[in-house]
1. In the set A:Val262, A:Val279, A:Val239, which member is in contact with a Pro (Cβ under 7 Å, 6 or more places away or on another chain) and of a type outside the set (Ser, Thr, Tyr)?
2. Looking at this structure, is B:Ala189 within 11 Å of chain A (Cβ to nearest Cβ) and on the phi < 0 side of the Ramachandran plot?
3. Restricting to the range B:1-57, what's the tally of residues that are in a loop (DSSP other than H, G, I, E, B) and modelled with pLDDT under 75?
4. Find the residue count for the range A:148-165, including only residues that are part of a helix (DSSP H, G or I), surrounded by 17 or more Cβ atoms within 10 Å (Cβ to Cβ) and away from every other protein chain (no Cβ under 13 Å).
5. Picking from A:Asp87, A:Asp46, which residue would you name as being at pLDDT below 85 and of a type outside the set (A, V, I, L, M, F, W, C)?
6. Sort out which residues of the range A:213-224 are more than 8 Å from the chain's Cα centre (by Cα) and at pLDDT below 85, and write them in order of number.
7. Any idea which of A:Gly95, A:Gly110 is in contact (Cβ under 8 Å) with a residue 60 or more places away in the chain and at the interface with chain B (Cβ under 9 Å from one of its Cβ atoms)?
Amino acid sequence: MSVVPPGPARSEAPGMMRAEPMPARRGMRGEMADIDVQGLVKRYGDVAAVDGLSFSVEGGEVYEKPGPNGAGKTTTLEIIEGLRTPDAGSVHVLGTDVLAHPQTVKERIGVQLQATALPQFTKVREAVELFAALYRKARPVDEVIEEFNLGEKADAYTDKLSGGQMQRLSIALALVNDPDLVFLDEPTTGLDPQARLNIWTVIEGIRQRRKTVVLTTHYMEEAERLCDRVAVIDRGRIVALDTPPRLIAEHAPGTTIEFALVPGLDPEALRALPGVERVVADGRVSVTTRSPEAVLHALLDPHAPWNRAGDADRVAGVGAAGGAGGGGGGGAGGGAIRDLLVRNGTLEDVFLSLTGRSLRE
Amino acid sequence: MSSFRAFRAMAINEVRASVRNRTALIFTLGLAVLFMIIFGLLFGGSGVSVSFDAVNNDRTPEAAAYLKALTSVSGVSLHTKSHAAAFSDLKDDSVIAVLVIPKGFGAAVAGQGPSQQVGIYQAGGGSAETAISDELVANVTAGFAGRGNPAVTLSAPKVAEVNQVTEMDYILPSMIAYIILFSGVNYVAIGLVEKRVTHVLRRFRATPVSARTVLAAQVVGGALTVLLQILVLVAIGIWVFGAKNYGNWLLLIPPIVLGTASFVGIGFLITSISRTSESARALAAMVTFPLMFLSGLFFPISSLPTVVQTIARILPLAWASDALHQVMNDGAGFSAIGTDCLVMAAWAVVTIAVASWRFRWD
């Protein structure tokens, strides 16, 4: 079974090829999936790190797999990369069975592992040369060094690089064989904001060359910015897989209004407001609603007991919440609601609503 | 073909990294040179120094010539004394042997009397020094008798044909064996464990390179590092310390290669049972240090207790050391070191086979 490579070669491929009927698993663009995983299981003792995972990834997209620590992200990646053997299930990468022909697959994929590891006493250029020699075909070493902006550091020992430079080298090594499919395992973990932005640019560059990138991350803003599709993995299973907007529309609809908890305001009472779906109070109050205007109106209502001037009044007013109030009160203007924040749903909300726990837990 | 390219690139990287690893170099080549300096200072490069007393019961010119021949051997100091004085010296260990020249020695040498025996008396005996002294005397005596004169023999001739080996001549092959031992175990084995615990092996595994290629590159890279160090060591030994090789240089290759292979193999065994580089280091030290002292590097194996000798003779360092000393000190041919090479080859094959079978990427 031939596979149309997603790289530049695609434009040279005869159109016929893409028009040809393909077997059952087909991507939107009529190609076989870059990755096709069916019923993957990996156990460590009694614990199933990966528990019946099935999904497929189409060509040319950035695909991200957030999940809490220990959710099975890295294990899944390592099985797909041919680094681990699953207890059950099948894995096809670029149309080839990874378990049966790992070397064939490895020629065509690029891998950046979570822990960056290079041989000791090796300089940057030497590291690129070494990895280039491990593949049947590789890109020119200088070109790779330039592309990742490592020219100045080409003669530096790899253990003298900064975190960001090391990560760029690590990604450069993953691309030295001009792979069709690139795996990046937490490429920005532990980097400062500047270096992270830099890596984002690098990843966007890879994406522009129409290579499929699979990356794992703890950072939801990273997923939203870089990824076409996001899979959320929890306890060894994929609990959601879709584009970020659709994930948000489905799992974190509505608008969230956050503010500092005010004396005299009973968060539970907010549930009665229009469109409210969720109220969380832990120092800050977080109200998720489909009618943000109505909720905001109620919160900022100068007649609401928490907005009345004077501490004594406010405390006294607790029992009278929602009462008639009367016109002239609340001369303080703006009321007592502080640190007000109104935002739409994010992938972080999706994650929380799907797994019931925080990502960095 | 592509796997050969991968192998070559990895082996080159291995050698380059090893040469850059100064700490490890100090531990192997540096320490070997230091041992040679210490030996050089202790013995002043003058070779073995031994003292004899001679009791001359035959005051003929022939007897005088014989004593003169003995004195002319470098490192020998010889004094003619009375019988009582000479044996007193022997008793308080100020000489290692007393030679007694019998009456009629001159006549026998001149072919005018019955053959005579030179008596050699030692206290206790069995030390390396007395063995060397016996050989010296035997050589001189044989040389004397060699002038067509079977009339003179030595009372207790020891028949070991040995060159006049200086301490430096002895220590050079020992230090070659030392480098083989420490580099083989440390560079290769600990290098491999470190690659495993730091996930370098896992990173290689994500490429198409095979486990066999990784292992082969580690072995060959390690062996090349050993060879480079030996070249430097031999150059220093010969040009700085004046050590001599009495044998064929090419004959050093089999014991060096096979010795290295067997220690790389032992190193791999250590690798396969060590989870961390700390435990690998500890195990490597437990193997290398006793081996260093048990295997004839600093003193001959024959001076060790029998049980220890038996253990030493099972382990490959004794065989490597024996082969290197035989070639460099005794000028032995290949037939003399064949057994040594076979034993080392067996060690190498078994250990490397076990190591490949037990190889773990992570």
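1. Values: A:Val262 fails: in contact with a Pro (Cβ under 7 Å, 6 or more places away or on another chain); A:Val239 fails: in contact with a Pro (Cβ under 7 Å, 6 or more places away or on another chain).
On inspection, the qualifying residue turns out to be A:Val279.
2. Numbers: within 11 Å of chain A (Cβ to nearest Cβ): no; on the phi < 0 side of the Ramachandran plot: yes.
No, not satisfied.
3. We begin by selecting, within the range B:1-57, every residue in a loop (DSSP other than H, G, I, E, B); these are B:1, B:21, B:44-49, B:57.
Narrowing further to those that are modelled with pLDDT under 75: B:1, B:44-49.
Number of matching residues: 7.
4. Step one: filter the range A:148-165 for residues part of a helix (DSSP H, G or I), giving A:151-153, A:158-160, A:163-165.
Cutting the leftovers down to surrounded by 17 or more Cβ atoms within 10 Å (Cβ to Cβ) gives us A:153, A:158, A:164-165.
Those still in the list that are away from every other protein chain (no Cβ under 13 Å) too: A:153, A:164-165.
Residues meeting the conditions: 3.
5. On the way: A:Asp87 fails: at pLDDT below 85.
Residue meeting the stated conditions: A:Asp46.
6. Of all residues in the range A:213-224, those more than 8 Å from the chain's Cα centre (by Cα) come to A:213-214.
If the condition is that a residue be more than 8 Å from the chain's Cα centre (by Cα) and at pLDDT below 85, then no residue fits.
7. Values: A:Gly95 fails: at the interface with chain B (Cβ under 9 Å from one of its Cβ atoms).
None of the others qualify; the one that does is A:Gly110.
Each row is one residue, and each column tells you yes or no for (1) within 14 Å of another protein chain (Cβ to nearest Cβ); (2) within 23 Å of the chain's Cα centre (by Cα); (3) more than 17 Å from A:Leu113 (Cα to Cα); (4) at pLDDT below 80.
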position	(1), (2), (3), (4)
B:Pro157	no, no, yes, yes
B:Glu161	no, yes, yes, yes
B:Val165	no, yes, yes, yes
B:Tyr170	no, yes, yes, no
B:Ile176	no, yes, yes, no
B:Phe182	no, yes, yes, no
B:Val185	no, yes, yes, no
B:Val197	yes, no, no, no
B:Leu201	yes, no, no, no
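The values are calculated or read from the model by the stated rules, or taken from the named source; none is laboratory data. In this text the structure is predicted, and so the values were computed from the model without any measurement. Ideal geometry is used to build each Cβ from the backbone, glycine not excepted, and the neighbour counts take in all protein chains shown.
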